1. Among the GluC sites (Glu not before Pro) in segment A:111-155, which ones are in a DSSP loop with at most 15 other Cβ atoms within 10 Å of the Cβ? Mind listing them?
2. With a Förster radius of 30 Å, plug the Cβ-Cβ distance of A:Ala150 and B:Lys219 into 1/(1 + (r/R0)^6) and report the FRET value to the nearest 0.05.
3. Could you order peptides A:200-212, A:167-179, B:83-95 by the average number of other Cβ atoms within 10 Å of their residues, highest first?
4. Work out how much length A:Ala171 to A:Val17 would gain on full extension: take 0.36 nm times their residue separation and subtract the Cα-Cα distance, in nm to one decimal.
5. Excluding residues fewer than 8 places away in the same chain, name every one of the lysines whose C-alpha is closer than 26 Å to that of A:Lys202.
6. For B:Ser136 and B:Thr92 in the same chain, what is the full-extension length gain: residue separation times 0.36 nm, less their Cα-Cα distance, in nm?
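We did not get these values from a lab; they are worked out from the coordinates using the rules stated. Keep in mind that what you see is a predicted model, and the values were worked out from it rather than measured. All Cβ positions, glycine included, derive from the backbone under ideal geometry; neighbour counts span all protein chains shown.
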Protein chains: 2
Amino acid sequence: MTELRRAAGAARGRSSVPEATVARLPLYLRVLTSLADRAVRTVSSETLAKAAGMTSAKVRKDLSYLGSYGTRGVGYDVDFLLGRIAAELGLTEDRTVVLVGVGNLGHALAGYAGFRSRGFRVVALLDVDPDRIGESVGGVAVSPLDEMEALVERNQVTIGVICTPAAAAQAVCDRLVSAGITSILNFAPIALSVPVGVDVRKVDLAVELQILSFHEARKRSAPATGGVAAPTRSPGRRAGGRSGESDDPRLAMVTRAPTGPPTLGTRGTGPLVGTTGGTSGAATGAVTGAKTGGEAS
Amino acid sequence: MTELRRAAGAARGRSSVPEATVARLPLYLRVLTSLADRAVRTVSSETLAKAAGMTSAKVRKDLSYLGSYGTRGVGYDVDFLLGRIAAELGLTEDRTVVLVGVGNLGHALAGYAGFRSRGFRVVALLDVDPDRIGESVGGVAVSPLDEMEALVERNQVTIGVICTPAAAAQAVCDRLVSAGITSILNFAPIALSVPVGVDVRKVDLAVELQILSFHEARKRSAPATGGVAAPTRSPGRRAGGRSGESDDPRLAMVTRAPTGPPTLGTRGTGPLVGTTGGTSGAATGAVTGAKTGGEAS
DNA sequence: TCAACTTCGTGAAGTCCTTCACGAAGTCGT
DNA sequence: ACGACTTCGTGAAGGACTTCACGAAGTTGA
Ligand SMILES: NC(=O)c1ccc[n+]([C@@H]2O[C@H](COP(=O)([O-])OP(=O)(O)OC[C@H]3O[C@@H](n4cnc5c(N)ncnc54)[C@H](O)[C@@H]3O)[C@@H](O)[C@H]2O)c1
Ligand SMILES: NC(=O)c1ccc[n+]([C@@H]2O[C@H](COP(=O)([O-])OP(=O)(O)OC[C@H]3O[C@@H](n4cnc5c(N)ncnc54)[C@H](O)[C@@H]3O)[C@@H](O)[C@H]2O)c1
């Protein structure tokens, strides 16, 4: 009955390199580059896998999506594979980038050599702070935000990097899209919304740390799993850390604390579901896969 | 025949929250924090989903792993959920962090307020450069690497952040692990190997950009994709015995160019090609995303 | 040329994650 | 108190990705 939906999957149609594989190609590329620098000629899936922290089966599967370019009994030709992956990633031509928000983080990124060495050319740095305009970072001068459109068009820029505070991110994003940018790398801790056709990737330090924290919490198994108290309506002002940045315009249409008590009594009732339900069960389990390769989509 | 291996999977056993869900909890946490700051009392899965760039079904499914704490017809209690997620992520107690490599990137991270605001306390900054020792960033002084062990123990540090050049990363990692660190966030473009029980997550700018580049390449469908030249038959001769040691021990047993001088200028320095990119050069890469569920293709 | 190896390529099976869909539980207005 | 509505919780179905396992293709040495 779902045969019809097959069409959707087909949309991804040709080329069809799985996303998970695409995310690993850069890894292989790095290892191959390193090997090439050492004049290594060929490499087996096993060796490549070890260097990339991967399994050989996965490597072979991944590479098979690019075609059958290995030599049985030998391995893959380093130089050839290098070129093949670079081509697949669209790195044959330099890609231009604009970076918006030259603050702490923006500075570090703008001066990052790995940018250029990988074929990404930063052609513009933009900021609203007058004090930063004109300053040069990594050989590129900081320009006022207003020059965005002109710079993007003149340099045929397709990738934008956002390093502004969260509050400004969506506006900057919208403007980048209007200017013609179709790929965005966002460092601001906020989910951007963009029209279809525009890709967004997010890098979030806090998220990474919190994920580590999760696993950390399970390592020292302190199974003193106190039963969770019922979700009382009573304000408990939990911890969690108050973050300074909170300016998400999409947080509308939610229940607000009534300044004047319109519906008081009714509100406070229902203590919510008990734990009766058969399922769920969120006890604490010893886990710790410990493997380095765990991912999620 | 695979039934037996079930044991391995069972290790993940009962009640554990799926990795994919864990990776999204920080996202919800952020949105909830923002809501709480505005005195919003309850939020529906639909609203939460929109703010987090997610679907409501996914949100409900994710939250269901923590237990059934929603109220039908109403939604989730913001404060309660906030506390519940924070607890699940092990954020009830401050987590301490050491950061190694206070260079460009390290500086930015060390001064990042988002660290502290989310319950992560940077208790030490370490570097080998004598010029940096003593300098204070974000209220923390840079200490010499030798103090790592003492600092880690004294402060019960469990998380380490690596911002050194790739060439030094594995050594730093090893030392961190020896000192007692069990979670590492790695910004150096190299795959670290660690003993089981230690978690590693990587963040790599270059990988993100290359993934964007891949999709970018498919957007402007320039089908002028010249047929790939034949897989270049390699005259390769496998190395008989040992192969020279190199920066990365895992790159052993690979074919080397015959008569080629072992150490080719790659020693140590690694990246930094600086000049007009092209292909040659640096090492970049490393991957592992774990997130980004919101793309449309 | 042949036998012994090595290593790729890939169907198939298994695991994990996402999406669907709908009953249950609760709220709200009258 | 009741009927109309909301919104959660969750089994089930479907996909996506990973791992297995083994035949095929190619290499090396005698
Ligand atoms: N510093 C880090 O290590 C780090 C880590 C993770 C995430 N982040 C995130 O990256 C972003 C930047 O962090 P930061 O530490 O560099 O902050 P910052 O305040 O040092 O820099 C922000 C810069 O953006 C500029 N800016 C503000 N509004 C702008 C606008 N509308 N258009 C263009 N430029 C604008 C400011 O002038 C400033 O130069 C924040 O969202 C932060 O949460 C930073
Ligand atoms: N700068 C960026 O935006 C950026 C982005 C992505 C990844 N990275 C990666 O992050 C790492 C750091 O980048 P960076 O631009 O800050 O480089 P950097 O050269 O500015 O800083 C490196 C720092 O590490 C210190 N260091 C070197 N060896 C060390 C050792 N053995 N122990 C302790 N400290 C040591 C150096 O003294 C220096 O202070 C690199 O691996 C880089 O590839 C950087």
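1. Answer in residue order: A:Glu135.
2. Values: r = 22 Å, r/R0 = 0.74.
In this case the efficiency is close to 0.85.
3. A:200-212, B:83-95, A:167-179
4. Numbers: separation 154, 0.36 × 154 = 55.44 nm, distance 3.27 nm.
Value of the extension gain: 52.2 nm.
5. Qualifying lysines at Cα under 26 Å: A:Lys58, A:Lys291, B:Lys50, B:Lys58, B:Lys61, B:Lys202, B:Lys219, B:Lys291.
6. Gain on extension, B:Ser136 to B:Thr92, equals 13.0 nm.
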